[in-house]
Amino acid sequence: MTIYFYTAHEEPYGCFSNFSRHGIKMSGLWWPTVEHYFQAQKFAGTAYEAQIQRASTPKRAAEMGRSRKVPLRVDWEQVKDEVMFKAVLCKFETYSELRALLLGTGEDEIVESAPGDYYWGCGADGSGQNKLGKILMDVRRVLSQRGPE
């Protein structure tokens, strides 16, 4: 079976979205959502990073992260997948109910059904790379290998 998710409000898998209101503690700071953290890391070490952390919604954090008024960190393309993996892993380590839901998907494929995103999602026609879905499956594997917590 394939599990599709996209918006944070979908049941039961909306919590797989980076927009879900499940905050994480990364680098000693509290982030309202994975999206806040991920977008801010494009500008790590700058004042803009802190502005994104304080964004009122994950949508606003994403908009700020897409701005090119502030230059991206030079290594962003090399580190973005690892940044995403660490943040998603932290989320599922932090919330036992989310961890149980993710582990309950067994070996099912997980796909971010994002019609406009061919990198993190599957795109409108299914030809996207589905990087977020693959990261979720990697996190599931890591958590499964650790056993019950």
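Against the definition (farther than 16 Å from Gly14 by Cα and surrounded by fewer than 18 Cβ atoms within 10 Å (Cβ to Cβ)), how does Gly123 come out, yes or no? Against the criterion (farther than 16 Å from Gly14 by Cα and surrounded by fewer than 18 Cβ atoms within 10 Å (Cβ to Cβ)), Gly123 does not qualify. Among residues that are aliphatic (A, V, I, L, M) and in contact with a Leu (Cβ under 8 Å, 6 or more places away or on another chain), Met64 is not included. Scanning segment 6-39 for residues that are surrounded by 14 or more Cβ atoms within 10 Å (Cβ to Cβ), part of a strand (DSSP E or B) and of a type in the set (Phe, Trp, Tyr) yields a total of 1.
Each row is one residue, and each column tells you yes or no for (1) of a type outside the set (Val, Ile, Thr); (2) farther than 18 Å from Leu136 by Cα; (3) touching a Lys or Arg at 6+ places or on another chain (Cβ under 6 Å).
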| site | (1), (2), (3) |
| --- | --- |
| Thr7 | no, no, no |
| Val34 | no, no, yes |
| Tyr37 | yes, no, no |
| Lys42 | yes, yes, no |
| Ser67 | yes, yes, no |
| Leu89 | yes, no, no |
| Leu98 | yes, no, no |
| Leu101 | yes, no, no |
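When Glu35 is tested against (1) touching a helix residue (DSSP H, G or I) at 6+ places or on another chain (Cβ under 9 Å); (2) charged (D, E, K, R); (3) modelled with pLDDT of 95 or more; (4) farther than 17 Å from Tyr6 by Cβ, just one condition goes unmet, and that condition is (4).
When Gly28 is tested against (1) over 12 Å from the mean Cα position of the chain (by Cα); (2) under 20 Å from Leu98 (Cβ atoms), exactly one condition is not met: (2).
Quickly run through segment 100-114 and pick out the residues that are in contact (Cβ under 8 Å) with a residue 24 or more places away in the chain and surrounded by fewer than 20 Cβ atoms within 10 Å (Cβ to Cβ). Correct list: Leu101, Leu103, Thr105, Asp108, Glu109. Taken over segment 40-70, the residue count meeting the criterion of being free of Cβ contacts under 8 Å to residues at least 12 places away in the same chain, over 23 Å from Phe16 (Cα atoms) and either of a type in the set (Lys, Arg) or surrounded by fewer than 15 Cβ atoms within 10 Å (Cβ to Cβ) (or both) is 5. With respect to the conditions (1) part of a helix (DSSP H, G or I); (2) surrounded by fewer than 20 Cβ atoms within 10 Å (Cβ to Cβ); (3) among the β-branched types (Val, Ile, Thr), Ile3 lacks only one, and its number is (1).
The values are calculated or read from the model by the stated rules, or taken from the named source; none is laboratory data. The model shown is predicted, which means the values in this text are computed figures rather than measured ones. Cβ sites come from the backbone with ideal geometry, for glycine too, and all protein chains shown count toward neighbours.
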